[in-house]
Structure formats: C-alpha cells, structure tokens
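J.: Got a structure here, written out as structure tokens. Questions coming.
Read-outs throughout are calculated quantities, based only on the coordinates presented, and are distinct from any laboratory measurement. Quantities reported herein were computed from a predicted structural model and do not represent experimental measurements. Ideal geometry is used to build each Cβ from the backbone, glycine not excepted, and the neighbour counts take in all protein chains shown.
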Amino acid sequence: MRFLRRNWRTEADIVDLRQEIYTRVCEAARHAQPAHAKAFVFAAARNLLIDRMRHARVVPLEVAVDLDGWAVTVDEVTPDRHLTARDELRRLQAGLDLLPARCREVVVLRKIEGLSQREVAARMGIREDTVERQTAHGMRALADFMLGGPGRIRRTVSGSKSGVGQ
C-alpha cells in the first residue's frame, strides 16, 4: 500500500488498485508460482500503474472536441479506397509472412499489439536489445517489401558482431 500511495496521485484509487493487483497476482499464480513472490507483487503493481497511466493519457473523443462545432467534410470510404486498403493489408500480411518466425513475432507484438520492448522480451524470453534489433530488421524488410522490393532482412556486420541469428 505504501508503494501505491507513493506512486499514484489519487488516494481514492488506491483500494481499487490493490484489488486489481490481487486479481492479477492470483491469475498469474494459476499458471505458475512465482519464485520470488514479493518481487512479483511489486512488478505486478508497477505494471498496473503503467497501464493506468497509459489509459489516463487517452482522452475520449467526446470529451476532447465538440464535433458539431467543426465544419469538417466527411471523407467517405469509396469502394476503390476500400479495395486499395484491403490490397495493402494483404501485401502487409505477405511481407510479414516473409519474415523469419521470431522476427515476425517481435514485429507483430511491438507494432501491431503495441507492447513495449520490455514486455516483448519478457513474453518471448529474449533480451531487450534483441527485440530492438529484430524490430529494426523486420520494419526495414517490411518497408522494402511494401515499396516493391524483395523484403529480405539485410544484416550488416559492425565491429566483431554480426547481426546474424539475433
């Protein structure tokens, strides 16, 4: 509770946060018992606070603007634009399919599901710098493919490390 009080600005939310942490810890414990319970609980609390901060930054459209007051023309989705968008999605999927499995998974988790590098690394059991490298390689290959290239990953040799297999 001290951790929550120290790190959350609204005292009225503390009890709800504690209950949410209990829920998360119990759900996770169903799958496996954590090796270090105290560290696990604090990590769950930290992650919950991060999630709440992210959601607090999102302002509902109704609150942000009065749409009736705007003189904006509606940009209708014509059948042509709909087909073009579908083609682009198919092309993106084809580009993703060309990526090596781990690289594809990293790109999907980072860029489509919106997870952080740390979250992807934890989920996949790899290092954060590997996530960063795989994301960069994958995005370059996808951009190349979307622009008409072969969409192959090009790794460069820098110093004594080669990016191969990372």
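J.: Exposure proxy check: R2, R102 ranked by fewest other beta carbons within 10 Å?
T.: Ranked by crowding around the Cβ, least crowded first: R2, R102.
J.: While we're on this one: Using only Cα atoms, what is the ratio of the radius of gyration of region 83-155 to 2.2 N^0.38 Å?
T.: Taking N as the residue count of region 83-155, the ratio is 1.10.
J.: May I pose another question? Give me the one-decimal nm value for the distance between modelled label points at I50 and R30, 7 Å along each residue's Cα-to-Cβ direction.
T.: 2.3
J.: Would you mind ranking D144, D129 so that the residue whose beta carbon has the fewest other beta carbons within 10 Å leads the list?
T.: So the residues, fewest neighbours to most, are D129, D144.
J.: Using only the Cα atoms, work out Rg/Rh for region 2-58, with Rh taken as the Kirkwood radius, to two decimals.
T.: Over the Cα atoms of region 2-58, Rg/Rh equals 0.99.
J.: Give, as ranges by residue number, the residues of region 84-102 whose backbone N falls under 17 Å from the point 7 Å along Cα→Cβ of L147.
T.: Those under the cut-off are 92, 95-96.
J.: Related question: Report the net charge of residues surrounding L92, where surrounding means a beta-carbon distance below 15 angstrom and charges are Lys +1, Arg +1, Asp -1, Glu -1.
T.: Around L92, the surrounding residues sum to +2.
J.: Exactly which GluC sites (Glu not before Pro) in region 85-132 are in a DSSP loop and have at most 13 other Cβ atoms within 10 Å?
T.: Answer by residue number: E113.
J.: Here is a further query. Run the simple label-point estimate for R18 and F40 please: 7 Å along Cα→C-beta, distance reported in nm.
T.: The answer from the label model is 2.1 nm.
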